[in-house]
Amino acid sequence: MALVNKLSIKVAGLAKSYGGETVVKHISFNVKKGEVFGLLGPNGAGKTTTLEMIEALRPIDEGEVTLEGYDVRRQPYEIKKIIGVQPQDAGFFEYLNLRELLAMFAGLYGQQVDADKLLEEVDLLAKAKSQVKHLSGGQRQRFSVALALVNRPQVLFLDEPTTGLDPQARRYMWELIQRIRQRGITVVLTTHYMEEAELLCDRLAILDDGKIIALDSPKKLVEQLLKKGFKKKVERQAANLEDVFIDLTGRSLRE
């Protein structure tokens, strides 16, 4: 899918401090409409705090953020109407079934939703009458994505969407994210998996100690490293152990 030139998110001089310590240090970047944009960095780099400020979930100390033309600081309620958020640790009403939860969340946005269509999209239609407490880890992750889509968002935020998933579930989530992107939805994600970032992201920003230390496409970032004379000690193989695992056990989800 070709990217358009319009911007979905503009971040300028964004900063956040806690107890006198600045954890996000005046960072600036843009996200194009319809792209998958990644935020990478070690634990404590400021990724989640940055996302939460952009999502209007955490107050902005300094800087400006606009999302789809709305000022995040001044128009937080407008922002929440047009974004979908899949957090790291999603909490659900565990005694409602999946169909009921989707209907309830849609009602919070004043919308109706075709729950079965959403469940089918994340391969959970067979679990429509199940309670969340009976889902596997991968199923819970996929259901949290379905919930994030109930308001037909223009921008979807995914915070480490494949953490703790087995190889089949992780690859299914990659395919799901690619399908969401093909619908024209802008996707912003964080991840610790470099293979995941390289596969999914059109561009990414690498954060460290609250600062952006690199921003470009995965391909260009690799090329920049090679131009420095970097050479791997071990030549990359055409396949890895995960490929062996998938080949031997199959691509289908085990749930």
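Key figures for this structure:
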quantity	calculated
Pairs with Cβ under 6 Å, 6+ apart, first in the stretch 120-143 and in contact (Cβ under 8 Å) with a residue 40 or more places away in the chain, second open to solvent by 30 Å² or more (accessible area, probe 1.4 Å) and in a loop (DSSP other than H, G, I, E, B)	VAL132/PHE92; VAL132/GLU94; SER136/GLU255; GLN139/GLU255
Residues satisfying the stated conditions in the stretch 2-44, i.e. open to solvent by less than 50 Å² (accessible area, probe 1.4 Å) and charged (D, E, K, R)	LYS16, GLU35
Residue that is nearest to the chain's Cα centre (by Cα), among those in the stretch 139-172 that are β-branched (Val, Ile, Thr) and under 20 Å from ASN43 (Cβ atoms)	THR162
Residue within the stretch 24-31 that is closer than 28 Å to LEU221 by Cβ and in contact with an Asp or Glu (Cβ under 6 Å, 6 or more places away or on another chain) present	no
The stretch 45-90, subset touching a residue at least 60 places away in the same chain (Cβ under 8 Å) and open to solvent by 30 Å² or more (accessible area, probe 1.4 Å), residue nearest to ASN30 (Cα to Cα)	GLU68
Selection from the stretch 117-132 of residues that are part of a loop (DSSP other than H, G, I, E, B), open to solvent by 20 Å² or more (accessible area, probe 1.4 Å) and closer than 11 Å to LEU101 by Cβ	SER130
Selection from the stretch 176-232 of residues that are within 24 Å of LYS10 (Cα to Cα), surrounded by fewer than 20 Cβ atoms within 10 Å (Cβ to Cβ) and of a type in the set (Val, Ile, Thr)	ILE206, ILE213
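The values are calculated or read from the model by the stated rules, or taken from the named source; none is laboratory data. It should be emphasised that the depicted structure is a prediction, and the values quoted were computed from it without experimental measurement. Positions of Cβ are backbone-derived with ideal geometry, glycine not excepted, and every protein chain shown enters the neighbour counts. Note: areas computed on protein heavy atoms with side chains; ligands, DNA, RNA excluded. Shrake-Rupley method; radii C 1.70, N 1.55, O 1.52, S 1.80 Å.
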